[in-house]
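Structure first, commentary second.
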Amino acid sequence: MTKVEYKNRKYTVEPYNPEWKKRFEVEAEYLRSIFSDKVISIEHIGSTAVPGLAGKPTIDILITVAKIEIADELSEKIEGIGYKSLGDYINKSSRLFVKEANDTRLVNLHIFEATHPHVKDVIDLRNFFRSHSEVVEEYGKLKFNLAEKYPDDYGLYRKYKDEWMENLKQKIKT
């Protein structure tokens, strides 16, 4: 797995923007044409997939496939539409591709086998947020506060955001 590197990574947190959904839809069409009948699902995940939730303006896309090797077979085509492969960045049975412009991350493309447990987790979390506006508001405030407190330290922003998220996941499970 690739080591996650946050040093000097620039980021912004913005109020929810309805354009995020449109950006996802456009990107999903490009990806659908590449994956063709090899795709099981293409999902909009992460903060930009939750109406009303503040977040970094980076579109997170989850593609599920039968076997992770499909991502490797299609890697050149994915890179051909502007993505860079980061390999098994998140875990060994996944692939991450990113699309960037001017040192700004535009899209994170996560590819997993459909049966991978992480798939259910991220979809369930997205759906939880979509049906709990009070948690959306709380999480959005946290992100703005962290971005204000750590404007030049994405690592600390992520550390405290991830801790909050882990606590939320534990509450949801109980």
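The values are calculated or read from the model by the stated rules, or taken from the named source; none is laboratory data. The structure presented is a predicted model; accordingly, all values stated were derived computationally and were not measured. Positions of Cβ are generated from backbone atoms using ideal geometry, with glycine treated the same way; all protein chains shown enter the neighbour counts. These accessible areas exclude ligands, DNA and RNA; they are computed on the full protein's heavy atoms, side chains included. Shrake-Rupley method; radii C 1.70, N 1.55, O 1.52, S 1.80 Å.
Residues being in a strand (DSSP E or B), surrounded by 15 or more Cβ atoms within 10 Å (Cβ to Cβ) and not acidic (Asp, Glu) are entirely absent from segment 10-30. The lone criterion from (1) within 18 Å of SER36 (Cβ to Cβ); (2) of a type in the set (A, V, I, L, M); (3) touching a residue at least 60 places away in the same chain (Cβ under 8 Å); (4) open to solvent by 20 Å² or more (accessible area, probe 1.4 Å) left unmet by VAL122 is number (1). Taken over segment 107-118, the criterion of being under 14 Å from ASP60 (Cβ atoms) and at pLDDT 95 or above is satisfied by VAL107, ASN108, LEU109, HIS110, ILE111, PHE112. Pairing each residue of segment 80-91 that is surrounded by 15 or more Cβ atoms within 10 Å (Cβ to Cβ) with any residue that is hydroxyl-bearing (Ser, Thr, Tyr), provided the two are 6+ apart or on different chains, yields C-beta distances under 6 Å for SER85/SER75; LEU86/THR2; GLY87/THR2; TYR89/THR2.
The residue that is farthest from THR12 (Cα to Cα), among those in segment 44-76 that are touching a Phe, Trp or Tyr at 6+ places or on another chain (Cβ under 9 Å) and open to solvent by 40 Å² or more (accessible area, probe 1.4 Å), is PRO51. Which of (1) charged (D, E, K, R); (2) touching a helix residue (DSSP H, G or I) at 6+ places or on another chain (Cβ under 9 Å); (3) in a loop (DSSP other than H, G, I, E, B) does ASP152 not meet, given it meets every other one? That leaves (2) as the condition not met. Against the numbered list (1) part of a helix (DSSP H, G or I); (2) buried (at least 17 other Cβ atoms within 10 Å of the Cβ); (3) of a type in the set (A, V, I, L, M, F, W, C), LEU109 comes up short only at (1). Restricting attention to segment 92-105 and to residues that are part of a strand (DSSP E or B) and open to solvent by 60 Å² or more (accessible area, probe 1.4 Å), the residue that is nearest to ILE78 (Cα to Cα) turns out to be GLU100.
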